[in-house]
1. Could you check the simple spin-label distance between A102 and D90, using points 7 Å along Cα→Cβ, in nm with one decimal?
2. State in Å² the accessible area per residue of the stretch 8-82; use a 1.4 Å probe, count heavy atoms of protein chains only, and round to the nearest integer.
3. Going 7 Å from the Cα of S53 along its beta-carbon direction, which residues of the stretch 65-81 have the amide nitrogen within less than 20 Å of the resulting point?
4. Return the sequence-ordered ³J(HN,Hα) values of the stretch 80-86 in whole Hz as given by the Karplus equation 6.51 cos²θ - 1.76 cosθ + 1.60 applied to θ = phi - 60°, using x for Gly and Pro.
5. What net charge do the residues around L42 carry, taking every other residue with its C-beta under 12 Å from that of L42, with Lys and Arg at +1 and Asp and Glu at -1?
6. Among residues other than Y81 whose Cβ falls under 15 Å from its Cβ, what is the net charge (Lys/Arg +1, Asp/Glu -1)?
7. Cβ under 11 Å from R118's Cβ, R118 left aside: what net charge do those residues give with Lys, Arg +1 and Asp, Glu -1?
8. Tell me which residues come under 5 Å, amide H to amide H, from F73 once H is placed; ignore anything under 5 positions away on its chain.
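The values are calculated or read from the model by the stated rules, or taken from the named source; none is laboratory data. Keep in mind that what you see is a predicted model, and the values were worked out from it rather than measured. Don't worry about glycine lacking a Cβ; one is built from the backbone with ideal geometry, like all the others, and counts go over all protein chains shown. Remember, those area values only see protein heavy atoms, side chains included, never the ligands or the DNA or RNA. Shrake-Rupley method; radii C 1.70, N 1.55, O 1.52, S 1.80 Å.
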Amino acid sequence: MEKEKLYSELSAREKAAIFRSWLEEHRAKNAAFFDLLGTSPLAEVVAVVSATSLRHARSLADGLLELCKERKFEFLRMEGYQTGLWILVDLNDVIVHIMQEAERDLYHLESLWRDAERLPDMLPGTVSAPSAVSSAS
């Protein structure tokens, strides 16, 4: 009997497309995804999205955690949840920064990856995230 795999074998780009779809469905604003494959030891894809409130930021972070459980994606840790101003969600090969607009304007993280390939809104051949994962906004 073959043992069930612990984690999904989707590529970071495929997972990023699922995360983007889910985040946009749950009203994350101005999603920016960057391909860092071969340029960063930290992750293959990094994302920056804006939340409309502290509660919305926490809800997005909670929803990503639930999505990871459902899809068998790795979830390593979360930082900044208590304040909700800037929540870093470490998904091993994908890192998502959920920020309030003021923090995003102040730190302008996207400038760190200005030379990286910016991933398109939806990658061909990927399956969107199931709408069964819900979160309060």
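1. In this crude spin-label approximation the distance works out to 2.8 nm.
2. On the way: 3520 Å² over 75 residues.
Per residue, the stretch 8-82 has an accessible area of 47 Å².
3. What the label zone holds, given the 20 Å backbone N cut-off, is 81.
4. Result, rounded to whole Hz: x, 4, 4, 7, x, 7, 8.
5. Values: positive: none; negative: E44, D90, D93.
The answer is -3.
6. -2
7. On the way: positive: R114; negative: D35, E110, D115, E117, D121.
Surrounding charge for R118 is -4.
8. S8
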